[in-house]
Amino acid sequence: MEKNYYEKFGLNESATNEEIKRAYHRLAMCFHPDKNLGKKKYEDIFKEIKRIYEVLIDTNARREYDEHLSKERFFAQENANNYHNEGNADKESFMSPILWYLLFIIVFNLLFHGFK
């Protein structure tokens, strides 16, 4: 899963507006286009930092983002559970023919070679 906005800013989800501002200013100073002339990569990073800041600093936008993040985590967990359960079902269905084959070999050997 890609890092969420809080992780990109090095914050936890209970961060205050003051902590968000400090993190934004720290990152903005590092990646500002004027400081990194001619480097498109840094310009794109700066734009993303600005966009993240605008979401986290706005109370309504942050609430919506937190709800989205919560749903994303829920569905990621559901998918992980489904993947795990399906994986076990695949192993069982794969093992079944092998067990039948082994049983056949044992019975065949007992019938034609007897007990020794």
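Each reported figure results from applying straightforward, stated rules to the coordinates on display, with no laboratory input. What you see is a predicted model; the values in this text were computed from it and never measured. Here the Cβ is made from the backbone with ideal geometry for all residues, glycine too, and neighbour counts use every protein chain on show.
Annotations
- Scanning segment 9-59 for residues that are of a type in the set (D, E, K, R), closer than 25 Å to residue 76 by Cβ and surrounded by 15 or more Cβ atoms within 10 Å (Cβ to Cβ) yields a count of 0.
- Cβ separations smaller than 7 Å between residues 6+ apart or across chains give the following pairs from segment 3-14 residues that are farther than 13 Å from residue 70 by Cβ to residues that are of a type in the set (Asp, Glu) and surrounded by fewer than 17 Cβ atoms within 10 Å (Cβ to Cβ): 11/19.
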